[in-house]
């Protein structure tokens, strides 16, 4: 039962019409949509001209992604993978399925004759209203649809908050022009028809309580024709086509990289996707303000430095591999969680302040092995290795390389090169810093593009003395009170 005969490789193609990067529907939502729905083009006669949509760099505009494709093509899997990779941003998922119209009594009596894959089965007006509110920075209550009763739950909703990224997923999200015009990126998930049918049978029988005969009958009568009439023609609007769905990791990685760029992250994070700056909040900015103040007391410097270091270490630990683990709680229930990476090593680039990060790492983790690398530094050119003490099995471990301040990057590169010579894969190294200079990030990332750098803030530059500006001075001296 093939749906199409051509095999499409991963491509990026221009949309057939204007491509908008955001649309604020201010004032639009204050009055209900017109009851005349015969012409979608006139659905919002009071709406601003779509050609005046805001530019990609406009502030406070979420990035809206539409994900379409045939039934059971893997759209949800693709959405989940995008969400997991965009963990530094607030991401919400809105499902078109939530906006099914509840069936009337006469329709329920002949539910087997109802076409759930036709555009008229959805309440597109409410979908547009909810999306408009989210884009305008408002929270919304998304309906919950009961697929067994074919009705919306009258007493419960799903609260969805305004976010950096909004993903709208559904088989017909490209069919309506008003919905398409809200999207910054349109992704079509292209999966073989036989694979989709097998997935549909499994889903509808297990999750929606239907028998296999009714699923096959519905597929032949409604799903397949609707795909040919509505879903497949909307493929021409896609900016990106992903064959094989969630199995196409290369395509998803490219999409995530593009989204990160459009979100306007720090310029260095655009250039180097392996650089992670912990999400800036007023609290974090406040702590940085305190530790950078030359007149702060030693006690407060230590207290707030410790808090920032803990955030950096915890963020770094979040990049380590995890395995699923089940435990029994005190109530006798089973909780499914994750187990931390067992093969872990913390390696400090030894300076006067090296013991600070090592101490925090030992406090935050259990059973971690510790290593040390001492490198002589004379201005910007000192690269002489003086001393190293590393676990014998370090090649089998993930390494957290620790240095409170990344300045020129020369000592860091020497330490990383030593770890690689000891057999540690570059991708198994996570470099943790409290603050970083752009010069140091360039130096490390150009030479070692596969390792990760985690920092709490990227400063402006290095001065002529190779000190980070604005910086925070000699960290170790201030931490231990030896700077007088």
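Numbers below:
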read-out	value
Test: residue in region 80-94 that is in a helix (DSSP H, G or I), modelled with pLDDT of 85 or more, outside the structural domain of residue 456 (by TED's automatic domain parsing) and over 22 Å from residue 235 (Cα atoms)	yes
Selected residue (only one of 258, 299 is part of a helix (DSSP H, G or I) and free of Cβ contacts under 8 Å to residues at least 24 places away in the same chain)	299
Selection count, region 149-169, where residues are free of Cβ contacts under 8 Å to residues at least 12 places away in the same chain and either closer than 21 Å to residue 68 by Cβ or not assigned by TED's automatic domain parsing to the domain that holds residue 123 (or both)	0
Some residue of region 146-158 being under 29 Å from the mean Cα position of the chain (by Cα) and closer than 19 Å to residue 128 by Cα	yes
Filter pass, residue 302 being over 16 Å from the mean Cα position of the chain (by Cα) and either assigned by TED's automatic domain parsing to the domain that holds residue 66 or surrounded by 15 or more Cβ atoms within 10 Å (Cβ to Cβ) (or both)	yes
Scope region 232-255; condition more than 19 Å from the chain's Cα centre (by Cα) and part of a helix (DSSP H, G or I); matching residues	232, 233, 234, 235, 236, 237
Residue within region 170-184 that is in the same structural domain as residue 251 (by TED's automatic domain parsing), within 24 Å of residue 240 (Cβ to Cβ) and loosely packed, with under 15 Cβ neighbours inside 10 Å present	yes
Set 308, 290, 268: member being over 16 Å from the mean Cα position of the chain (by Cα), part of a helix (DSSP H, G or I) and closer than 22 Å to residue 442 by Cα	268
Positions within region 275-287 being in a helix (DSSP H, G or I) and surrounded by 14 or more Cβ atoms within 10 Å (Cβ to Cβ), in sequence order	284, 287
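The values are calculated or read from the model by the stated rules, or taken from the named source; none is laboratory data. Since the structure is predicted, the reported quantities are computational estimates derived from the model, not experimental observations. Please note: Cβ atoms are built from the backbone with ideal geometry, for glycine as well, and neighbour counts cover all protein chains shown.
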